Amino acid sequence: MHEWVLRLRLSNPLRNHDAPPPTVSPSLIVSLIVYRLTKAIYADTAFRGSRGRGRWHEQGVPMVYTADQPATALLETLVHAGRADLVTAEYVLFRIELDEDAHVLTLPGDALPPDWQAWPWPASTQQIGTFWHERGDSVALSVPSAVVPMHRNTLLNIQHPHFSSLTIDGPSPFPIDTRLATSTSS
């Protein structure tokens, strides 16, 4: 068994997902706000979950990727979209609020495999995300952004019983500066 699987398993005891989330005073809840950027034409299916492969999931595992800041979401989109596509398509932004204590498991930096930033996506990171998804220990898994490692992406498990308790606002128009679609040569 991979060392990261053991660390993830040991750091997060199995929770009873049939029980409602713990009730705490609203003043004690630590909210985590994350963002999802998508083309406007896909706004209705933005939380269906990608069933293709991604950095943190294997083929067929429905996963929604979000980012800690709108700018991080834009950069994550930019590395996967053509520059012309950024200015010819309309984009929208969703704001998602999670209870950090009840909903989020954080993958620590020392649990990352050495190839976690590799392109194409390595099997090691796909196994981590798929393992987390299959265990169902949390609605969200916080991982570093491969594009901007000091920022975080948060993976959402849309099949988790508490997914419906997340607060999702949007979509809101997200205009993209056309200068991102041009290159300058020096």
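The values are calculated or read from the model by the stated rules, or taken from the named source; none is laboratory data. Keep in mind that what you see is a predicted model, and the values were worked out from it rather than measured. Ideal geometry is used to build each Cβ from the backbone, glycine not excepted, and the neighbour counts take in all protein chains shown. Heads up: the accessible areas ignore ligands, DNA and RNA and are worked out on the full protein's heavy atoms, side chains in. Shrake-Rupley method; radii C 1.70, N 1.55, O 1.52, S 1.80 Å.
Here is how the numbers come out for the structure above:
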quantity	calculated
Residue in the range 1-12 that is of a type in the set (S, T, N, Q), under 21 Å from Trp132 (Cβ atoms), open to solvent by 90 Å² or more (accessible area, probe 1.4 Å) and at pLDDT below 95 present	no
Set Val61, Val92: member being open to solvent by less than 60 Å² (accessible area, probe 1.4 Å), touching a residue at least 40 places away in the same chain (Cβ under 8 Å), more than 29 Å from Thr182 (Cβ to Cβ) and not polar (S, T, N, Q)	Val61
Residue that is in contact with a helix residue (DSSP H, G or I) (Cβ under 6 Å, 6 or more places away or on another chain) and either over 23 Å from Ala46 (Cβ atoms) or open to solvent by 20 Å² or more (accessible area, probe 1.4 Å) (or both), where the choices are Pro120, Pro113	Pro113
Selection status of His160, at pLDDT 95 or above, over 16 Å from Ile33 (Cα atoms) and out of contact with any strand residue (DSSP E or B) (no Cβ under 6 Å at 6 or more places or on another chain)	yes
Hits in the range 88-111 (condition: hydroxyl-bearing (Ser, Thr, Tyr) and under 15 Å from the mean Cα position of the chain (by Cα))	Thr106
Single residue of the range 32-58 satisfying the filter (surrounded by 17 or more Cβ atoms within 10 Å (Cβ to Cβ) and of a type in the set (Gly, Ala, Ser)) that is farthest from Thr130 (Cα to Cα)	Ala43
The one condition in (1) surrounded by fewer than 20 Cβ atoms within 10 Å (Cβ to Cβ); (2) under 16 Å from the mean Cα position of the chain (by Cα) that Ser138 fails to fulfil	(1)
Which numbered condition His151 misses (of (1) in contact with a helix residue (DSSP H, G or I) (Cβ under 6 Å, 6 or more places away or on another chain); (2) open to solvent by 40 Å² or more (accessible area, probe 1.4 Å); (3) modelled with pLDDT under 95)	(3)
